[in-house]
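Following: one structure in structure tokens, then a few remarks.
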Amino acid sequence: MPMEERLPKRAEVPEELTWRLEDIYGDTEAWEADLSRCDALSEALSAREGRAADDAAGLLETMKLYASCMELLYKVYGYASMRHDEDTADAGRQSLFSRAQMLEVRASERAAFLEPEILSLPEGTAERWMEELPELGAFRVTLREIMRQKAHTLDSASEKLLAAAGEMAQTPYNAFGMLQNADLKFPAVKDAEGKEVRISGGRFVPLEMSPDRELRREVFEKFYAGYRDLIHTFAALYEGQVKQQAFYARARKYGSAFEAAVDRNNVSPAVCDRLIGSVRQELGIMHRYVRLRRKLLGVDELHMYDVYVPMVKDVTWKVSFEEAKALSLKALAPLGKEYTDLLEKAYRERWVDVVENEGKRGGAYSSNVYGVHPYVLLNFNGTLDDVFTLVHEMGHSLHSWYSSKALSFLDSEYRIFVAEVASTTNEMLLLKYLLAENAAKGAAAENGEARQRLKAERAYLINHFLESFKGTLYRQTMFEEFERRSNEMAEKGEPLTADALSELYLSLNRDYFGEDMVSDPLIAYEWARIPHFYYNFYVYQYATSFAAAVDISRRILEEGESVTGQYKAFLSSGCTKDPVSLLKIAGVDLSTGEPVSAALKEFEAAVEEMEALL
């Protein structure tokens with residue numbers, strides 16, 4: 001997909017490349033009606049205050065109201081959020097999203113009494129009521145989770161106050177999004193063909209993959225100069241995010257924001273600590289990869305603008321969206337016909353918003369609307385990376401689809417900790433499909449020229465795996481260290497100035513990439529463009545999920561239906577168990593360091609194969 005001089009406006013994007021949000025609401029009037037209905041439900045829920053758990057029947061009525069309110073809120077909010085993301089600069093979409101956010105805060109405030117009243121019940125009462133009134137058992141998972149967090153739940157008045165602060169607490173992330181997606185503008189550069197191309201968040205990586213090193217350097221410098229020029233604003237926004245996380249952690253009697261974040265997901269802090277320790281111990285493998293990259297690119301000095309360009313020369317892998325869809329169906333066939341039929345349905349019925357347009361939110365995500373279907377936002381530019389992004393996000397979507405089909409709304413909402421497993425498993429299956437196809441063609445090749453081309457393509461694919469591994473397990477662990485350390489700085493009373501944050505990031509970059517990489521000064525500002533730093537300790541879960549996915553994909557291909565059955569049981573389990581226990585359903589035990597260690601060995605093996613190939 002060629003990058004034109006300017007991005008199209010939203011109205012100029014072909015309909016078949018846009019998602020069909022009309023499946024949620026046919027028009028804004030229907031959304032308005034549900035906005036009002038949800039507000040009324042939250043008011044009715046609020047009227048239960050003081051008698052939420054008088055007896056089993058009363059608790060059942062309260063829980064039914066709560067579930068109905070939350071299910072409708074997610075639908076109303078999801079629609080407004082996705083409409084906003086189509087064009088973040090559009091005032092009408094901004095208004096829609098703002099109203100949905102305000103409703104979310106009101107509903108949270110009105111529901112704030114619920115947990116304290118349930119927690120005021122004598123020990124064992126809720127469990128006894130669930131036995132006496134089987135219908136109440138439908139809320140067993142939610143009620144048990146409330147009881148688990150008893151030590152960190154406040155009285156009703158305090159919970160209301162925290163909920164009321166929710167709208168204010170969203171300000172750093174909202175402002176970051178507007179600054180990055182709507183206000184921050186980048187200059188144009190001339191591509192290899194002499195055409196002017198305006199730099200954007202979605203175009204940055206494709207441009208950095210160019211074989212033209214001077215173009216890469218120019219794009220890198222102009223892109224990060226944009227962040228440098230606004231770095232004090234980004235620092236103030238991030239400090240606001242860190243402070244609000246610390247505020248909520250202290251209010252809920254946690255020792256730190258990190259401790260609060262992992263406990264929210266019912267995961268031990270030791271899981272993340274083991275990850276960082278394992279990766280730190282094996283940074284030598286990462287440094288070996290960096291040396292290989294410098295050698296294969298044939299440069300005296302490796303710079304940060306050299307990290308995306310494929311190490312394999314003379315291999316161009318451009319993919320149309322139609323080709324990407326076909327590839328995804330072939331690669332994910334080991335997951336069974338039901339799975340690929342769902343993929344085809346998603347493509348046919350426009351669950352996916354495909355291309356970048358002016359004002360569109362950057363990056364990619366999957367967003368589920370319970371009772372409708374999931375949606376995927378892409379910024380597809382026709383690279384092999386974009387194909388991996390497609391299967392990644394469809395992994396999220398079908399995880400949501402399976403859980404939504406099997407479970408009630410409340411039980412279907414799987415934890416963030418397991419959220420990246422299905423997406424990364426899809427990426428691993430795509431990679432292994434492409435490598436297997438390459439091996440088969442190589443074995444059948446009849447002449448040296450064909451074998452040489454296939455050898456180069458294999459090296460290209462291994463390069464992609466190395467990049468994915470570096471970008472997921474190593475890079476996300478580095479991000480986690482940045483987030484942990486910057487939060488610790490704030491908790492000690494140290495100001496999070498632009499200089500302090502940039503120095504911290506540059507130091508970590510040097511640690512992870514090693515001496516064979518020139519950590520260009522501008523890379524110090526990269527932290528400013530990472531939206532996940534506003535997601536409250538989300539990033540380390542990419543790395544643990546990557547390790548789990550490496551194991552799951554290997555066993556699916558080696559053992560077939562028995563593992564696929566276990567895996568689909570995991571996909572269908574929502575939040576019915578703690579995340580580490582859920583992964584055990586799929587055969588992965590993250591209570592040990594084995595999955596991460598095994599993944600690091602696979603990375604080392606890939607580095608060795610690349611060294612042998614080239």
Here the residues within the stretch 398-425 that are outside any loop (DSSP other than H, G, I, E, B) and either under 14 Å from the mean Cα position of the chain (by Cα) or among the β-branched types (Val, Ile, Thr) (or both) are His399, Ser400, Ile416, Phe417, Val418, Ala419, Glu420, Val421, Ala422, Ser423, Thr424, Thr425
Conditions (1) buried (at least 17 other Cβ atoms within 10 Å of the Cβ); (2) more than 30 Å from Val319 (Cβ to Cβ); (3) of a type in the set (A, V, I, L, M, F, W, C); (4) out of contact with any Cys (no Cβ under 7 Å at 6 or more places or on another chain) -> Trp19 fails only (2)
All-but-one check, Asn381 against (1) at pLDDT below 95; (2) closer than 17 Å to Gly78 by Cβ; (3) assigned to a loop (DSSP other than H, G, I, E, B), failing number (2)
Note on Trp351: of the conditions (1) of a type in the set (Phe, Trp, Tyr); (2) modelled with pLDDT under 95; (3) touching a His at 6+ places or on another chain (Cβ under 8 Å), unmet is (2)
So, first residue under 14 Å from Tyr339 (Cβ atoms) in the stretch 567-585, second residue of a type in the set (Ser, Thr, Tyr) and assigned to a helix (DSSP H, G or I), Cβ within less than 7 Å, six or more apart or across chains; the pairs are Lys568/Tyr402; Leu571/Tyr402; Leu571/Ser403; Ser572/Tyr402; Ser572/Ser403
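Just the residues that are free of Cβ contacts under 8 Å to residues at least 60 places away in the same chain and either outside any helix (DSSP H, G or I) or surrounded by 17 or more Cβ atoms within 10 Å (Cβ to Cβ) (or both), please, taken from the stretch 49-60. Walk me through how you get there before you give the answer.
Let us first name the residues in the stretch 49-60 that are free of Cβ contacts under 8 Å to residues at least 60 places away in the same chain, namely 51, 54, 58.
Hits for the stretch 49-60 are Arg51, Asp54.
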Filtering the stretch 444-481 for residues that are over 17 Å from the mean Cα position of the chain (by Cα) and closer than 22 Å to Tyr538 by Cα leaves a count of 2
Here the qualifying pairs (Cβ atoms under 8 Å; residues six or more apart or on different chains; first in the stretch 145-174 and closer than 25 Å to Gly574 by Cα; second of a type in the set (Phe, Trp, Tyr)) come out as His152/Tyr254
- Query: Do we find a residue being closer than 27 Å to Leu522 by Cα, in a loop (DSSP other than H, G, I, E, B), touching an Asp or Glu at 6+ places or on another chain (Cβ under 8 Å) and hydroxyl-bearing (Ser, Thr, Tyr) anywhere in the stretch 363-375?
  - Reply: no
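The values are calculated or read from the model by the stated rules, or taken from the named source; none is laboratory data. Note that this is a predicted model, so its numbers are computed, not measured. Methodologically, a virtual Cβ is constructed for each residue, glycine included, from the backbone with ideal geometry; neighbour enumeration extends over all protein chains shown.
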